[in-house]
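This report refers to the structure that appears directly beneath it.
Taken together, the values in this text are just the output of simple stated rules run on the coordinates, not laboratory data. Just so you know, these numbers come straight off a predicted model, no measurement behind them. Using ideal geometry, Cβ is built from the backbone for each residue, glycine included, and neighbour counts are taken over all protein chains shown.
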Amino acid sequence: MNMTIIVVGGGIVGSTTAFYLQKTGHKVTLIDKQTGQASKAAAGIISPWLSQRRNQNWYQLARLGAAFYPTLLKDTGTVHASAYQQVGTLLYKKKHTLLDKLTDLAHTRKQTAKEIGEIAQLSVTDIQEIFPLIQHSSEALFVSGGARVDGSKLVASIQQAFCQLGGQYLEDCAEKITPLPNSKWQVQLETGPVLTSQQLVLTVGAWLPQLLTPLGYQVDVHPQKGQLAVYQLDKYQANTASWPVIMPYGEGDIIPFSNGRFLIGATHENDQGFDLTPSLKKLEPMLTNLTQWLPDLPTWPIQTIQVGTRAFTSDYLPFFGPLSSHDTCYVASGLGSSGLTTGPIIAKTLADMINHQPTVVPVENYTPDPYIQQLNSSHI
Ligand SMILES: Cc1cc2nc3c(=O)[nH]c(=O)nc-3n(C[C@H](O)[C@H](O)[C@H](O)COP(=O)(O)OP(=O)(O)OC[C@H]3O[C@@H](n4cnc5c(N)ncnc54)[C@H](O)[C@@H]3O)c2cc1C
């Protein structure tokens, strides 16, 4: 049955959900207020296989997320190589024994994640061949399946595909959501209009409490400020397109893009609320650490600082699915610092759930219930 659906929040999750719902015949309106979006500020590293996070639910979701990317790009017709490119990831460890351990882990994980690609320990000479600016004196682990994503370009491409299918995009703020007696929803926009729909999807990242608290819910979602320094080095313009992502030890990653563009970051600031002011001070310890790999970094002029607000939960795990008290409202949030990896598969799963289709992801492991508690049911 085709429905009217409002998706509030146009980051990677909302835009992808809106795209798949519109593609399956629904009449979808996507509303985004364009403020603080994590997806647009992010330079995403898609390389979950080398993570030593122990939580299996997180790893399985991130693994499925990385594997889903080629399908997302094909479905949305995203061909721009600067939006997503598999350039490989190069990971450093302080001790060689740890590098060996991680190499074993990569081989084990390859059995269920062929997307990891080639796995190899590279010598200093090998590394300088694929990333000539790196001066570090130790070996590193290379996996060829690692990718980098320009969040802003990817989101723009998905939204374009959504609109080409006939989806309606509104730049506006959903000020208030109200459940109606017939299971429908009413959405009050900041600019005045009031919309109604049969289904509501809230993909508003860190802003979820602002929409659900007035309905009597307590929501375990918090804002985290993330900053990245952007550099443009014209003298390397012809070379950087295929350079791999560098994941050093200590703080910070080095993410080269095509045409001599480098992004370096990102900070994880849990005490800054929704502040979006660029602060070089917070980036400085990271930039200092990275001079071990890029000794000339202090001489590079910073072009700009990208700032976004991530959403995190108390256990740093994402959640998605219907509200237990209202099954015509779906939510997703808490994607934290791996949301460009998990966002597209979460979105596809949300669309499949709304369409009553089987899902690849075991959704019972990611239910919103532990994170969204109904304190006062008189509003619903
Ligand atoms: C600097 C930085 C670096 C990162 N690096 C990586 C990385 O290397 N790898 C990785 O996988 N992930 C990374 N991430 C994390 C990733 O970007 C996020 O987890 C992910 O983009 C979250 O997507 P989202 O759609 O849930 O939320 P968002 O992208 O934040 O989108 C939510 C949208 O909802 C809108 N909104 C909120 N309230 C309303 C309302 N009431 N009405 C209308 N619109 C509303 C907001 O304005 C926003 O546009 C990084 C994030 C940052 C900030």
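Only the Cβ atoms of Lys and Arg (+1) and of Asp and Glu (-1) were treated as charged; on that basis the dipole of the chain about its Cα centre amounts to roughly 340 debye.
Rounded to the nearest 5, the antiparallel percentage of DSSP beta bridges internal to the chain is 70%.
Give, as a single signed number, the net charge of other residues whose beta carbon lies under 14 Å from the beta carbon of residue 331, with Lys and Arg counted +1 and Asp and Glu -1. So the surrounding residues net to -3. Per-residue Cβ neighbour counts within 10 Å put 231, 69 in the sequence 231, 69, beginning with the fewest. Dipole orientation for segment 1-159: of the candidates 99, 84, 44, 44 has the Cα lying most toward the positive pole (charges on Cβ; Lys, Arg +1; Asp, Glu -1).
Computed on segment 261-368, with alpha-carbon pairs under 8 angstrom and 6+ residues apart, the relative contact order is 20 percent.
Estimated from helical segments only, the mean residue ellipticity of the chain at 222 nm is -8500 deg cm²/dmol, where each DSSP H run of four or more residues counts as -39500 (n - 2.57). Applying 1/(1 + (r/R0)^6) with R0 = 22 Å to the Cβ-Cβ distance of residue 182 and residue 213 gives a FRET efficiency near 0.35. For residue 275 and residue 171, the difference between the fully extended length at 0.36 nm per residue and the C-alpha to C-alpha distance is 35.3 nm. Convex hull volume of the Cα atoms of the chain, normalised per residue: 133 Å³. When only Cα pairs below 8 angstrom with a gap of at least 6 residues are kept, segment 104-146 shows a relative contact order of 44 percent.
Over 20 Å apart at the Cα level, from the set 153/282; 27/348; 33/153; 74/225; 153/281, are 153/282; 74/225; 153/281. Within the chain, the longest segment free of exposed loop sites, counting GluC sites (Glu not before Pro) that fall outside DSSP classes H, G, I, E and B and have at most 15 other Cβ atoms within 10 Å, spans 191-380. Considering only 283, 211, 303, the residue lying farthest towards the positive end of the dipole of segment 199-341 is 303, judged by Cα position with unit charges set on Cβ. Which loop trypsin sites (Lys or Arg not before Pro) in segment 81-170, with loop taken from DSSP, have no more than 16 other Cβ atoms within 10 angstrom of their Cβ? Here the trypsin sites (Lys or Arg not before Pro) that fit, given the DSSP loop and packing criteria, are 94, 95.
Once the Cβ-Cβ distance of residue 239 and residue 3 is raised to the sixth power relative to R0 = 56 Å, the FRET efficiency obtained is 0.65.
Assuming charge only on the beta carbon of Lys and Arg (+1) and of Asp and Glu (-1), the dipole of segment 287-380 about its Cα centre is about 180 debye to the nearest 20.
Nothing charged except the Cβ atoms of Lys and Arg (+1) and of Asp and Glu (-1): what's the magnitude of the dipole of segment 1-160 about its Cα centre? Round to the nearest 20 debye.
500
Averaging the sequence gap over all C-alpha pairs within less than 8 Å and six or more residues apart, then dividing by the number of residues, gives the chain a relative contact order of 23 percent.
Annotation for segment 199-213 versus segment 283-342: alpha-carbon center distance of 18 Å.
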